[in-house]
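Okay, structure first, notes after.
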Amino acid sequence: MLIMLDTADHQTIREGFEFFPLAGVTTNPSIVAKAKGDFWTIQEGIRDLIGAKSLLFAQVIGETAEEMLAEAKLLQDRLGENTYAKVPVTKEGLKAMTMIKKEGIGVLATAIFTPMQALLAARAGADWVAPYVNRIDNISGDGVGVIAAIRDIYDQAGIETKIIAASFKNVQQVLECAKLGAEAVTVPGDILEKMLEHLMTDWSMDQFNKDWKAQYGNRTISQL
Ligand code: G3P
């Protein structure tokens, strides 16, 4: 399962890509607005930070399929080959997905709340679908259950569209998606950090350091 960062914050992306094995970055209009700056400076800055080979998912905001297609072309022109147009799973969005794919541009169907939306998006040609796990949980739904149902439907029908589970508020939700075989998750910076943290790891490191210093002082292996 690939791991992506769900943010437009350059500092979070810089640090994330320095330390974590990340495959890409996703944004949406709310995330970009939160970064408070010029749209292209934000998006091109992300591309520079993650390099040409990493995946970048940027959302269209047009209301009609034709507008979405024009935006998808522009996004790919300015942000490079490994850029996917995020298209909402609406009626115009479904139409746009097919049109964008015909132009050879990758598509991620976003704002997925049900398995049926994921099926329709796949049939419209989407390369990826992004079900919103925590937002589903927050409307008394079962976010992880939706991932499981999509996995089932895709596997039974031989659909190759990939699941990038999104909208996370805790690590357990991420773990459940990994166990179900989602091809990717996209997480905010704080959840990424929490995926790594464990008190017993910290305790073990303290113990190793204490024992090493008792025998070798402050010297490192290369100084011995
Ligand atoms: O990628 C979708 C995601 O950004 C939604 O997340 O945390 O706003 O529910 P959230």
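The values are calculated or read from the model by the stated rules, or taken from the named source; none is laboratory data. Everything numeric here is computed off the predicted structure, so don't read it as measured data. Every residue, glycine among them, receives a Cβ derived from its backbone with ideal geometry; neighbour counts consider all protein chains shown. Accessible surface is based on the protein model in full, side chains and every heavy atom, while ligands, DNA and RNA are left aside. Shrake-Rupley method; radii C 1.70, N 1.55, O 1.52, S 1.80 Å.
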For the chain, which whole-number percentage of the solvent-accessible area (1.4 Å probe, protein heavy atoms only) is attributable to carbon and sulfur atoms? 54 percent
Give, as ranges by residue number, the residues of the stretch 117-140 whose backbone N falls under 19 Å from the point 7 Å along Cα→Cβ of residue 157. 117-132
Note down the net charge around residue 153, summing +1 for each Lys or Arg and -1 for each Asp or Glu among other residues with Cβ under 13 Å from its Cβ. -1
Shape category assigned to the stretch 2-197 from the gyration tensor of Cα positions, a/c cut at 1.5: oblate
Label-to-label distance, nm, for residues given as residue 14 and residue 198 (7 Å Cα→Cβ offset): 3.1 nm
Among 22-31, 191-200, how do they line up by average Cβ neighbours within 10 Å per residue, starting with the highest? 22-31, 191-200
Determine how large the accessible area of residue 39 is when every protein chain is in place; take a 1.4 Å probe and give Å² rounded to the nearest 10. 70 Å²
Given a Förster radius of 41 Å and the C-beta distance between residue 178 and residue 223 as r, what FRET efficiency does 1/(1 + (r/R0)^6) yield to the nearest 0.05? 0.55
By per-residue mean of other Cβ atoms within 10 Å, what is the highest-first order of 114-127, 8-21, 211-224? 114-127, 8-21, 211-224
Using the Karplus equation 6.51 cos²θ - 1.76 cosθ + 1.60 (θ = phi - 60°), what ³J(HN,Hα) coupling, rounded to whole Hz, does each residue of the stretch 31-43 give in order, writing x for Gly and Pro? 5, 5, 4, 5, 6, 6, x, 5, 3, 6, 5, 5, 5
When we measure straight from the Cα of residue 213, which lysines land under 19 angstrom away, once same-chain ones fewer than 8 places off are left out? none
FRET efficiency (residue 2, residue 212; Cβ distance; R0 35 Å; to 0.05) is 0.50
Using modelled amide H (1.01 Å from N, peptide plane; none on Pro or chain starts), what sits under 5 Å from the amide H of residue 86, excluding residues fewer than 5 places away? 58, 59, 60, 108
Evaluate the charge dipole of the stretch 67-178 about its Cα centre and quote only its size in Debye, nearest 20, assuming +1 on the Cβ of each Lys and Arg and -1 on the Cβ of each Asp and Glu. 180 debye
Based on the Cβ-Cβ distance of residue 78 and residue 102, what FRET efficiency does E = 1/(1 + (r/R0)^6) give at R0 = 25 Å, to the nearest 0.05? 0.80
Leaving out same-chain residues fewer than 8 places away, which aspartates and glutamates sit with a Cα under 12 Å from that of residue 86? 71, 127
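Can you give the charge dipole size of the stretch 2-197 about its Cα centre, rounded to the nearest 20 debye, using +1 on the beta carbon of Lys and Arg and -1 on the beta carbon of Asp and Glu?
280 debye
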Relative packing of peptides 56-68, 151-163 - highest average C-beta neighbours within 10 Å first: 56-68, 151-163
Within the under-14-Å Cβ sphere about residue 121, not counting residue 121, Lys/Arg +1 and Asp/Glu -1 give a net charge of +3
With a 1.4 Å probe and all protein chains left in place, how much accessible area per residue does the chain have, in Å²? 54 Å²
